[in-house]
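**Q** One structure, pasted below without further comment.
FYI, it's all coordinate maths here, none of it is from the lab. Quick caveat: nothing in here was measured; it's all calculated off a predicted structure. Virtual Cβ from ideal backbone geometry, glycine too; neighbours counted across all protein chains shown.
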Amino acid sequence: MSFERELEDVLPTDLPNREMVISKAAKHLELIVEANQQFNLTRILDPREAAIKHVLDSVMPWRYFEGARTVLDAGTGAGFPGIPLAVVLPKVTFQLSESIGKKARFVETTVQELGLTNASVVNQRAEEIADADIITARAVAPILRAVVLFGTAFKNGVRAILYKGPDVQLEIEAAAAELKKRRLRVDVLERYDLPEAFGSRTIVQIARLKQDRQNDD
């Protein structure tokens with residue numbers, strides 16, 4: 001499988017550390033294919049689809065993580081979006097949280113094989129950690145659930161940057177009362193379509209209301 005060729009074709013030309021991302025992401029995907037023979041990590045194994053849905057999707061919003069001290073990837077699964085983002089942003093520390101032991105062990109092995117010194121794996125639920133500047137997740141929970149799960153973290157000034165689908169407005173409306181109660185707001189940072197009709201993505205941020213943060217200063 002030529003993951004490198006597909007990644008070379010789909011990744012943005014202005015992506016930081018692009019050649020390194022292509023090399024390490026290709027190795028990451030090869031490790032997933034190998035591990036998938038023992039247990040199910042993902043159903044997406046086709047090189048083109050994996051390059052787009054796993055890697056391109058993970059790195060598209062990289063600019064929103066730039067400058068953070070620590071990013072917590074909640075429910076990293078096979079290592080997305082945390083591992084590709086860690087390659088793009090070597091100065092940012094990434095904690096990859098995964099509560100399922102087999103998946104956590106796979107991600108830990110992958111981090112070691114890729115030589116990622118700015119990433120570590122934690123085999124526990126993200127809400128039990130929540131010690132970061134930013135919490136991120138791809139399709140882990142609806143916004144209402146995320147607001148409840150990470151309530152303490154939000155109170156401490158942590159932001160969440162979540163990868164959501166095209167119907168995010170419905171999630172925002174469902175969470176409206178809880179957001180108001182906790183004095184949080186949701187902002188849509190970016191929308192993009194993945195190539196070849198592989199889906200639409202909306203990047204949202206959840207954070208405390210600005211005046212509340214100013215009152216803490």
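**Q** Using Cα springs under 10 Å in a Gaussian network model of the chain, which residue among ASP193, ASP14, ASP133 shows the largest mean-square fluctuation?
**A** ASP14
**Q** Here is a follow-up. May I ask which of LYS181/LYS210; LYS180/LYS210; LYS103/LYS164; LYS102/LYS164; LYS53/LYS181; LYS53/LYS102 have a Cα-Cα span longer than 24 Å here?
**A** Checking Cα-Cα distances, LYS102/LYS164; LYS53/LYS181 exceed 24 Å.
**Q** Treat each spin label as a single point 7 Å out from the Cα along the C-beta direction, and report the MET20 to ARG63 distance in nm.
**A** The two pseudo-label positions are separated by 2.1 nm.
**Q** For the chain, find the longest principal axis of its Cα atoms and tell me its angle to the long axis of helix 18-35, 0 to 90°, nearest 10.
**A** Roughly 80 degrees, rounded to the nearest 10.
**Q** A further question on this structure: Which net charge results when you count Lys and Arg as +1 and Asp and Glu as -1 among the other residues whose beta-carbon is under 11 Å from that of ASN123?
**A** Surrounding charge for ASN123 is +1.
**Q** Along the Cα→Cβ direction, 7 angstrom out, place labels at LYS210 and ALA176. What is the inter-label distance in nm?
**A** 2.2
**Q** Go ahead and run the numbers for FRET between GLU128 and GLU196, Cβ-Cβ distance against an R0 of 45 Å, rounding to 0.05.
**A** Result of the calculation: an efficiency of 0.75.
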